[in-house]
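Since every read-out is calculated from the coordinates, none of them should be taken as a lab result. What you are looking at is a predicted structure, and each value in this text was computed from that prediction instead of being measured. In this analysis, Cβ positions are derived from the backbone assuming ideal geometry, glycine residues included, and neighbour counts consider all displayed protein chains.
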Amino acid sequence: MGDSFDKLCEALAEFGWSAGAVKQVLDGGIQCIYCGKPMLQSFDDFRLWENDHILPKSKYPELAGDPEKKKEEEEEATRRNLVGACRVCNLLKSSWDPNNIEGEPEIYTKGGDFTDDMRRELIRRSRVYIHKLRTRKMAELNDTRRAFEAYWAEHPRVCDCQ
Ligand SMILES: [Zn+2]
């Protein structure tokens, strides 16, 4: 990939990045693959930048673990199953399996290849799922806000911490 990529890898090696991890993050645009949050914009975002297994570790151990420590033929597929995501999206997605959705065809078959096209489609499904959960949680946040505001309207806030 050239000198500039090598230079980048060299700079990040100090912080434990492998070349594969650097490439994965570059491909993802240095943002949460699911919600698009830029992960280098603040310390908190950077700190809560996580690796998500697109296909959950619990159900697909063959695609889990450190790609660097895998046998050569499994390394690529294991790397492909990883994406950089923000903590919130990772928590929302949890061990949900985008390969197993009622009414939709299975994309990856155990023992078969795990290709870039499969990866893309599984990421797309995960985005839809996470977006739905975010929308539901957003409604919960709005209702919670309104409940507190109604209370505060009758009990003016006095902060005893100052
Ligand atoms: Zn996110």
Mean separation of Cα contacts under 8 Å (at least 6 apart) over the residue count of segment 31-154, i.e. the relative contact order in percent, is 26 percent
Once both label points are put 7 Å beyond Cα along the C-beta direction, the residue 113-residue 40 separation in nm becomes 3.3 nm
Measuring from its Cα centre, the chain shows a charge dipole (+1 at each Lys and Arg Cβ, -1 at each Asp and Glu Cβ) which, in debye to the nearest 20, is 640 debye
Full extension between residue 59 and residue 95 adds, at 0.36 nm per residue less the Cα distance, a length in nm of 12.1 nm
Per-residue ellipticity at 222 nm attributable to helices in the chain (runs of n ≥ 4 DSSP H, -39500 (n - 2.57) apiece, nearest 500 deg cm²/dmol) works out to -15500 deg cm²/dmol
Exposure proxy check on 33, 107: fewest-to-most Cβ neighbours within 10 Å is 107, 33
Between residue 157 and residue 30, the two model label points (7 Å from Cα along the beta-carbon direction) sit apart by a distance in nm of 3.6 nm
Links exceeding 26 Å between C-alpha atoms in this model, out of 37/57; 37/110; 37/93, come to 37/110
